[in-house]
Every structure is written in structure tokens, then in C-alpha cells.
Amino acid sequence: MTMSMWLPFLVVISAGVTILTEAQAPKVICKNVDAADIVYLVDGSSSIGRVNFQEVKDFIEETIRPFVNVRQNAVRFGLVQYSDDPRLEFTFRDHSNQSQVLTAVHNMRYKGGNTRTGVGLRYVADNYFGSNKLKRNVPKITILITDGKSQDNVGESAAKLKSQDVKLFAVGMCQPRF
Ligand SMILES: *[C@@H]1O[C@H](CO)[C@@H](O)[C@H](O)[C@H]1NC(C)=O
């Protein structure tokens, strides 16, 4: 699988920055994103496969690289891998600079199992955006990366995120059809 098999996608962050990620996209630097809380929710189910999972990690790293302001009081990243159940990879507080975040993504190990996206979204809502103590007045974003249909219901969990003012973006992975 090469990057060209990805659906091109667009992430619009409410600070007004647009990141277009495509195989040939020019380098983007998001200096004017002062602060944001961004969680990746990554499908690690068996249908993805090890090779594609590596592509997913590369892809995540490429989308993190433009954010030069990764710090505790600025842009923070979290990551959850899910299949049957969610696995916490890192919280907003675990890493204090971009290279630490990139290393954590690089070292993430493929989980395998079924695809319960609803449970994954619920985990993000409860553990990243749930507690008042952790809340900051910054854009809140969840980027779901999955290869397809969930085996559980996602509606309620997606609604919970919405009620928390979290913007949810879905990135679809698909096999090309020629
Ligand atoms: C990132 O943070 C770690 C731990 O605090 C530190 O060891 C490392 O030098 C930092 N890297 C950069 C590029 O600032």
C-alpha cells in the first residue's frame, strides 16, 4: 500500500489553518496554531494488517510534523489504538515536545482484533475530554483513522464528543479499485 491509496483528506482546524495531506502535498508548517488538543483514534483491527498499520503510523507522523508548537501549554497530542477494546498509547500529558510524540507513534505496536469504533470514541470522550480539570479553552479535535465499518454502534459516542465541543474527523483507509 502506498500513500496514493489513501483517500486524500482535509483537516480544518478552527483556528483557521488548513492542512491538506496528499502524496505530493507541499510542506506545511502550522506556526499559527497556538494551542489545540488533538487525539488520534487509530483502528488496529486485524483487517488492517501489519503492512498497512505501518503506513498508518507513517501517515500520522506526517500529520503531526507540521505542528511546531507541541508543548504542554500549546498543542498537545493524544493517541488511542482500538480494536475490541481501546488501548491508551499516550495522554496529553505524556509528551512535552514533538520529537517525543513522533517517537511514541513510531513505537506503537499493532493490536489486532475486531473493530469496535463506538467503544473507542467513548474512551476518547471519557478520558481525554471528560474531566473538567483537564479542560482548556482551545480547539478540541479527534481524528479517527479506520478501514471501515464498525462492529458496534458509533452514534451515541459520536454525539457525546459533539456535546463536548470536540470536532471529529474521519480518515478512511481503503483498498484501491482499478
Ligand atoms: C524533548 O523532551 C525530552 C524529555 O524532556 C528531552 O529529553 C528532549 O531533548 C526533547 N527534545 C527536543 C527536540 O526538544
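The values are calculated or read from the model by the stated rules, or taken from the named source; none is laboratory data. Values in this document were obtained by computation on a predicted structure and should not be read as measured data. Using ideal geometry, Cβ is built from the backbone for each residue, glycine included, and neighbour counts are taken over all protein chains shown.
Among (1) buried (at least 22 other Cβ atoms within 10 Å of the Cβ); (2) within 13 Å of the chain's Cα centre (by Cα), there is one condition F90 misses while meeting the rest; what is its number?
(1)
Cβ-Cβ distance below 7 Å, separation of 6 or more or different chains: which pairs start in segment 143-164 with a residue that is within 20 Å of I48 (Cα to Cα) and end on one that is among the basic types (K, R)?
Every condition considered, the pairs that remain are S150/R116; Q151/R116; D152/R116.
Tell me which of these R116 doesn't satisfy, since it passes every other one: (1) modelled with pLDDT under 95; (2) under 24 Å from Q54 (Cβ atoms); (3) not aliphatic (A, V, I, L, M).
(1)
From I60, I38, I48, I29, which residue is assigned to a loop (DSSP other than H, G, I, E, B), buried (at least 20 other Cβ atoms within 10 Å of the Cβ) and in contact (Cβ under 8 Å) with a residue 12 or more places away in the chain?
Details: I60 fails: assigned to a loop (DSSP other than H, G, I, E, B); I38 fails: assigned to a loop (DSSP other than H, G, I, E, B); I29 fails: buried (at least 20 other Cβ atoms within 10 Å of the Cβ).
Unique residue meeting the criteria: I48.
Condition first: hydrophobic (A, V, I, L, M, F, W, C), outside any strand (DSSP E or B), free of Cβ contacts under 8 Å to residues at least 40 places away in the same chain and at negative phi. Can you find one or more residues in segment 75-92 that meet it?
Filtering segment 75-92 down to residues hydrophobic (A, V, I, L, M, F, W, C) leaves 75, 77, 79-80, 88, 90, 92.
Subsequent filtering for residues that are outside any strand (DSSP E or B) retains 92.
Those left that are additionally free of Cβ contacts under 8 Å to residues at least 40 places away in the same chain: none.
The answer is no; no qualifying residue exists.
Could you list all residues from segment 100-124 that are part of a helix (DSSP H, G or I) and within 16 Å of the ligand (Cβ to nearest atom)? Spell out the reasoning first.
First pass over segment 100-124, keeping only residues part of a helix (DSSP H, G or I): 100-106, 117-124.
Scanning segment 100-124 gives Q100, V101, L102, T103, A104, V105, H106.
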